[in-house]
Amino acid sequence: MPIVDASELPGRRAYRLLVDCVVPRPIAWVTTVDAEGAVNLAPFSFFQAVGAEPPSVIVSIGKHRDGAFKDTGVNLRASGECVVNVVTDELAEAMNVTAGEYPFGVDEMARAGLTPAPSRHVAPPRVAQSPVALECRLTQEVPIGDTENAYFVAVLEVVAFHVDDALYDDGRIDPRRLRPLGRLGGSAYSHPGEVFELERPPSERPAAAG
Ligand SMILES: Cc1cc2nc3c(=O)[nH]c(=O)nc-3n(C[C@H](O)[C@H](O)[C@H](O)COP(=O)(O)O)c2cc1C
């Protein structure tokens, strides 16, 4: 089994190997608005849920080839608000259109033929076609690296959940009806697979006092 030292990998090789290893990744389809109110939409698979009270997610945002932070990062830092839309299998093609490199101010939601729907607490709209969307506020920024390939992790507090009636049962989302797209390495994706259940082992830790 080859062991590869990350420090010996030139250029983007470490990035490529990393995204081959950490799979499948969920995709945050992030809506922001700029100072003029123009809508921006782009996908981010460096995305994860990281806390419960308050409910929190992270999205890691890199730079364009010209060294400028991606429009999502610029808008998020300026406004402190975004919506994280969930990308389902059916939305793969539209999501891919919004990943194109467009000049600042281009409305990728319109480019992809998607419909904006109003949010309750934040200015950016959600994607009406996405069955699950999280209204979020930026609470922390964590820098990752200091080179031209630097990222920053945006820690986002979820302030509202939008869930399609067709998926929502008694405060939960039916995992068999939500069909989330998975991001693999390179340009590869995975369709949602078979869903099965596994109960965790019972706790062997002492019960909390009181
Ligand atoms: C499935 C997918 C996942 C992506 N994940 C990320 C990511 O986690 N971080 C990132 O900086 N760029 C990511 N990208 C690239 C951005 O979506 C792309 O650079 C986009 O043009 C950024 O748009 P913006 O400048 O409007 O923010 C991803 C692209 C795709 C197709």
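Values in this text are rule-based calculations from the coordinates and carry no lab data. Note that the coordinates shown come from a computational prediction; the quantities given were computed from them, not determined experimentally. Note that each Cβ is placed from the backbone with ideal geometry, even for glycine, and that neighbours are counted across all protein chains shown.
The set of residues in segment 175-197 being assigned to a loop (DSSP other than H, G, I, E, B), among the hydroxyl-bearing types (Ser, Thr, Tyr) and surrounded by 15 or more Cβ atoms within 10 Å (Cβ to Cβ) is empty.
For segment 132-145, indicate whether the set of residues that are within 14 Å of the ligand (Cβ to nearest atom) and surrounded by 23 or more Cβ atoms within 10 Å (Cβ to Cβ) is non-empty. No, that holds for no residue.
Inspect all residues belonging to segment 41-55 and state whether any of them is closer than 13 Å to residue 124 by Cβ and crowded, with 18+ Cβ neighbours inside 10 Å. Yes: one or more hits. Residue check: residue 107 meets all listed conditions (1) surrounded by fewer than 22 Cβ atoms within 10 Å (Cβ to Cβ); (2) more than 12 Å from the ligand (Cβ to nearest atom) but one, namely (2). Selection over segment 23-61 of residues that are within 11 Å of the ligand (Cβ to nearest atom) and without any contact (Cβ under 8 Å) to a residue 24 or more places away in the chain gives a count of 1.
For segment 68-85, filtering for residues that are away from the ligand (no atom under 13 Å from the Cβ) and either touching a Cys at 6+ places or on another chain (Cβ under 9 Å) or over 24 Å from residue 114 (Cβ atoms) (or both) leaves 2.
Put simply, of 141, 157, 101 the only residue that is in contact with a Lys or Arg (Cβ under 7 Å, 6 or more places away or on another chain), within 23 Å of residue 39 (Cβ to Cβ) and acidic (Asp, Glu) is 157.
Pairing each residue of segment 158-174 that is surrounded by 15 or more Cβ atoms within 10 Å (Cβ to Cβ) with any residue that is of a type in the set (Ser, Thr, Tyr), provided the two are 6+ apart or on different chains, yields C-beta distances under 7 Å for 158/56. Exactly one residue among 56, 60 is small (Gly, Ala, Ser) and touching an Asp or Glu at 6+ places or on another chain (Cβ under 6 Å), and that residue is 56.
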